[in-house]
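Here is the structure we will look at, set down as structure tokens.
The values are calculated or read from the model by the stated rules, or taken from the named source; none is laboratory data. On a predicted model such as this, the values are computed, not experimentally measured, just so you know. For neighbour counting, all protein chains shown are included, and Cβ atoms are generated from backbone atoms with ideal geometry for every residue, glycine included.
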Amino acid sequence: MNLRRVSAIVLRQIDLMRSSPTRVVPLVAWVAIDIVLWGFITRYLGSLSAHGPDFTLTLLGAVLLWDFFGRIMQGVTTAFFEDVWSRSFLNLFASPISVSEYVAGLVATSVLTSCISLAVMLLLARFAFGLSLLAFGLPAAGFLAVLFLFGIALGIFASAVVLRLGPASEWLVWPIPALLSPFAAVFYPLHVLPQWMQWVAHALPPAYVFEGLRALAAGHGVQPGTLLLATTLALLQIALALGFFVRVFRGAIRSGLLARYSAESVA
């Protein structure tokens with residue numbers, strides 16, 4: 001893998017943000033609104049019962065982590081969509097860049113953009129509502145790592161779906177985090193779900209993260225084996241998503257779809 005080619009993908013995204021600052025606004029606007037909204041909700045709930053659960057940790061912490069996952073996924077897909085919107089695939093793959101280098105560039109771009117969003121969330125949560133990432137203790141690194149890996153897997157998969165179905169299928173990507181949130185049990189324990197939803201949840205790494213978060217809030221520790229299982233699942237899903245992307249890409253080349261990729265290409 002040529003790191004210069006990977007960095008070229010990242011540099012292109014940086015140049016796009018520098019030339020159009022409005023691209024930076026979504027990185028911070030929506031996460032800031034979420035943190036402020038849920039921060040006041042947790043403050044209100046906490047005022048109702050001085051001896052109740054720690055809503056700041058369980059609710060605001062869950063919002064922070066779930067938004068981080070969403071930023072990771074959208075960091076990959078948005079960078080991919082920039083190439084869709086500009087119809088630059090032929091220009092890109094006329095160069096020596098490989099599929100793996102291109103995907104690595106998308107992932108690196110997601111790291112950059114999600115770090116900006118995470119910094120905004122942490123600052124708002126800390127100084128406006130008193131929630132520090134240190135409140136999670138050492139498991140914080142594990143939580144973020146699992147959500148990062150799963151976000152990458154889902155971003156690669158979603159990009160492959162759009163590459164296969166065409167730009168008109170872009171609308172399928174944006175609701176994915178919302179569709180997964182009931183199964184991931186972001187705001188409630190897994191045992192309240194129907195049995196079939198619990199089976200789905202056990203295949204989703206975020207479910208283990210939020211169960212661990214609630215265990216911390218209840219004064220229990222997080223089992224290292226649980227985070228290890230979640231990490232293994234996420235890595236496996238990255239491998240499957242990357243294999244799916246490569247297969248779709250090769251199919252697009254064989255069928256000529258890549259050459260005629262446009263807003264009208266939906267099959």
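Structure data summary
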item	result
Qualifying position, being under 21 Å from Phe244 (Cβ atoms), modelled with pLDDT of 85 or more and out of contact with any His (no Cβ under 6 Å at 6 or more places or on another chain), among Phe148, Phe143	Phe148
Members of segment 205-228 that are surrounded by fewer than 19 Cβ atoms within 10 Å (Cβ to Cβ) and either within 26 Å of Leu106 (Cα to Cα) or at pLDDT 95 or above (or both)	Leu228
Near pairs, Cβ below 6 angstrom, 6+ apart or cross-chain, from segment 101-114 (touching a residue at least 24 places away in the same chain (Cβ under 8 Å) and at negative phi) to any residue that is in a helix (DSSP H, G or I) and surrounded by fewer than 21 Cβ atoms within 10 Å (Cβ to Cβ)	Glu101/Arg5; Gly105/Val10; Ala108/Val10; Thr109/Val10
Of all residues in segment 119-134 being in contact with a helix residue (DSSP H, G or I) (Cβ under 8 Å, 6 or more places away or on another chain) and over 11 Å from Ile35 (Cα atoms), the one that is surrounded by the most Cβ atoms within 10 Å (Cβ to Cβ)	Leu133
Among the candidates Val76, Val6, Val84, residue that is farther than 26 Å from Ala234 by Cα, surrounded by 13 or more Cβ atoms within 10 Å (Cβ to Cβ), touching a residue at least 40 places away in the same chain (Cβ under 8 Å) and under 24 Å from the mean Cα position of the chain (by Cα)	Val84
Cross-chain or 6+ apart pairs with Cβ under 7 Å, segment 10-27 first and within 16 Å of Tyr102 (Cβ to Cβ) and in contact (Cβ under 8 Å) with a residue 12 or more places away in the chain, then among the hydroxyl-bearing types (Ser, Thr, Tyr) and surrounded by 15 or more Cβ atoms within 10 Å (Cβ to Cβ)	Val10/Thr109; Gln13/Thr109
Residue count, segment 156-201 (criterion: within 28 Å of Thr109 (Cα to Cα), at pLDDT 90 or above and among the aromatic types (Phe, Trp, Tyr))	2
